[in-house]
Amino acid sequence: MSRVAIGALLATFVAFSAHAMSAQIDTDGDGKASLVELQTVFPEFTEDLYLDIDTNADGLVDDEEMMLAIETEMIPDIETDA
């Protein structure tokens, strides 16, 4: 693996860890977001969008899935858009 690729991978891990799940979304503190938790913050949030964001299909949105959804503008970043 090239040094550039390793650097990019490390930068990605740092970015994900720097943006842990917002307590405003993760109201039960489990580190993941349920459909209900996301709909509380984003009332227009649909089940179809939730299924698109839950890329590992485990029924919950984790930090990595949340960051990907924010980066692809599927949902707004409440930390910066608030």
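Just so it is clear, none of the values below were taken in a lab; they were calculated from the coordinates. Keep in mind the model is a prediction, meaning the values are calculated, not measured. Neighbour counts run over all protein chains shown; Cβ positions are idealised from the backbone, glycine included.
Within segment 33-48, which residues have the backbone N less than 16 Å from the label spot 7 Å out from D77 along Cα→beta-carbon, could you tell me? Zone members listed by number: none at all.
With N as its number of residues, segment 21-82 has a Cα radius of gyration that, divided by 2.2 N^0.38 Å, comes to 0.98. Here the Karplus relation 6.51 cos²θ - 1.76 cosθ + 1.60, evaluated at θ = phi - 60°, turns the backbone of segment 35-43 into coupling constants of 4, 4, 4, 5, 5, 5, 7, 10, x Hz, with x for every Gly and Pro.
Listed peptides 28-41, 48-61 appear in the order 28-41, 48-61 once ranked by packing, highest mean of other Cβ atoms within 10 Å at the front.
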